[in-house]
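Here's the structure we're looking at; comments come further down.
A short reminder: the numbers here are calculations on the coordinates, not readings from a lab. These numbers were taken from a predicted model, which means no experiment stands behind them. Note that we place each Cβ from the backbone using ideal geometry, even for glycine, and neighbour counts take in every protein chain shown.
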């Protein structure tokens, strides 16, 4: 990073640009900078915003080229009432992604599993991307597009058992890596995933720098982050309250599995 | 929660509404529901979106009345390029908040520390709220409004030593509680903070339910989330790169301390 870039970073004042200079010093000296990984993040209605913002914050510090990709350019609703405006649409975005990323949000995921344009985009982008990734129920969408057939994967705990309906093997781990597929558990697993992928894209030092900037030394005030920790009563209560949606997700997964010949 | 509300929750499909019925069954049966805590979250330019979205996700599941409060109703920029549209403005929002919350984002925080309208709002809202809270550099703003004078507090590691300039005592803990002040460390500490506050507002069971829904069983892939863990080289490099901004923050904190007679 030369002096001018360094000052620009300070002026910008966000967390972006706080990574060490990368190996490609020659390109940087020439003023062009190293090539930025292109990360395509699927955006869809009723997604969980935290599923997106955890990894997005890491990718932003990593100085990647992030594209928020949706079917149309209209702002998309999220669980917390904030909207996200896409920066790219399906018809222009499927090629040349280094990373395809899919966030979760159960009702939104189910609707998207039934949407042929979304499935077609994921198939096309996923077959070309270097990494095919998800957080939370996003893996159901990857599965519905046939991208997890024959792979180990995970999802939010209340739907991860549906993955085998689409040809995947479920692992009860927070972040599951299998060749170029990286899937993560529910919502907050996106931060662990973001750091894991950052290390793959730019090395462990870059990932550690992001972790320090985000002061990611978690101290959950309770031990209730998994069904095992939370206990049967709480877990079954949530399963019951989400029952109708989980059954809808199962139907969508079975239908997708049928189309995939599973 | 009666059957109609339960179905409405299922239809809505977001994570909100998945809390157990609260104690006020009589009000619920009458169809009015228990009073929702009113949470006012300050929104300002160049804030870190994850500072907001971590706690916001918890508060949303908790079924609170969240108000995103800014000086004007225009959309506000964040570190990751997404904008947040306020739902309330300073002139209408300072009274009747159960919780005042301030997110961080260093450059934005510094600008806001120098903005009299922001400081006036924080003073007024903070003196009336039941809880006065922050994540990351947000505590510098609380400090500049005189709300941390005589309190223990924390902030992002690279500026927490500035809090005594505004009359606070810095503790190197992830979430610091002192009477009705709750301040948290950098960025990701917002999730620990959100669960801590959820337990205060609605009890431990409600907080554990949120933790399970968000599958918050963190597994950082590296040990680099604090200066001690990351080591001196990485820590000093970040301090150096943020040096100009940290010095600006120090000047703003000294000026605020002077106005507070410290």
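Treating each Cα of the protein assembly as shown as one equal point scatterer and applying the Debye formula with no solvent, the log10 of I(q)/I(0) at q = 0.07 Å⁻¹ comes out as -0.36. Any idea what angle helix B:232-241 forms with the longest principal axis of chain B, computed on alpha-carbon atoms, 0 to 90 degrees, nearest 10? Orientation of helix B:232-241: about 90 degrees from the principal axis. Taking B:151, B:131, B:216 in turn, the Gaussian network model of chain B (Cα-Cα springs below 10 Å) assigns the largest fluctuation to B:216. Between identical copies, the spacing of residue A:72 label points, each set 7 Å from Cα toward the C-beta atom, reads 3.0 nm from nearest to farthest.
The label-point distance for residue B:200 and residue B:95, in a model that sets each label 7 Å from Cα toward Cβ, rounds to 2.4 nm.
Sorted shortest first, the distances from the residue B:260 label point to those of the same residue in the other copies are 5.6 nm; each point sits 7 Å from Cα along Cα-to-Cβ. The long axis of helix A:204-213 is offset from the longest Cα principal axis of chain A by roughly 90 degrees. Ordered by the count of other Cβ atoms within 10 Å of each Cβ, fewest first, A:236, A:177 give A:236, A:177. Computed from Cα atoms, the angle from the helix B:189-202 axis to the main principal axis of chain B rounds to 40 degrees. Report summary: the helix-based calculation at 222 nm, which adds -39500 (n - 2.57) for every DSSP H run with n ≥ 4 and divides by the residues of chain B, gives -12500 deg cm²/dmol.
As a length-normalised measure over Cα pairs under 8 Å and 6 or more apart, the relative contact order of chain B settles at 17 percent. Taking the DSSP bridge list for the protein assembly as shown and keeping only pairs wholly inside it, about 25 percent are antiparallel. Legend: ranking of residues A:210, A:246 from fewest to most surrounding C-beta atoms inside 10 Å; resulting order A:246, A:210. GNM remark for chain B: springs join alpha carbons under 10 Å apart, and the peak mean-square fluctuation among B:197, B:212, B:163 falls on B:212. Across the identical copies, the 7 Å label point of residue B:116, projected outward along Cα→Cβ, sits 6.3 nm from its counterparts, in ascending order.
Mind telling me which of A:106, A:162, A:213 comes out most flexible in a GNM of chain A, alpha-carbon contacts under 10 Å? Per the Cα network of chain A with a 10 Å cutoff, A:213 tops the list.
So for the range A:110-205, averaging the separation of alpha carbon pairs under 8 Å that are six or more residues apart and normalising by length, what relative contact order in percent results? Mind dumping the intermediate values first?
On the way: 160 pairs, mean separation 24.4, N = 96.
The value is 25 percent.
Computed over chain A, the quotient of the alpha carbon radius of gyration and 2.2 N^0.38 Å is 1.03.
In plain terms, the residue of B:48, A:43 with the fewest other Cβ atoms within 10 Å comes first and the most crowded comes last, giving A:43, B:48.
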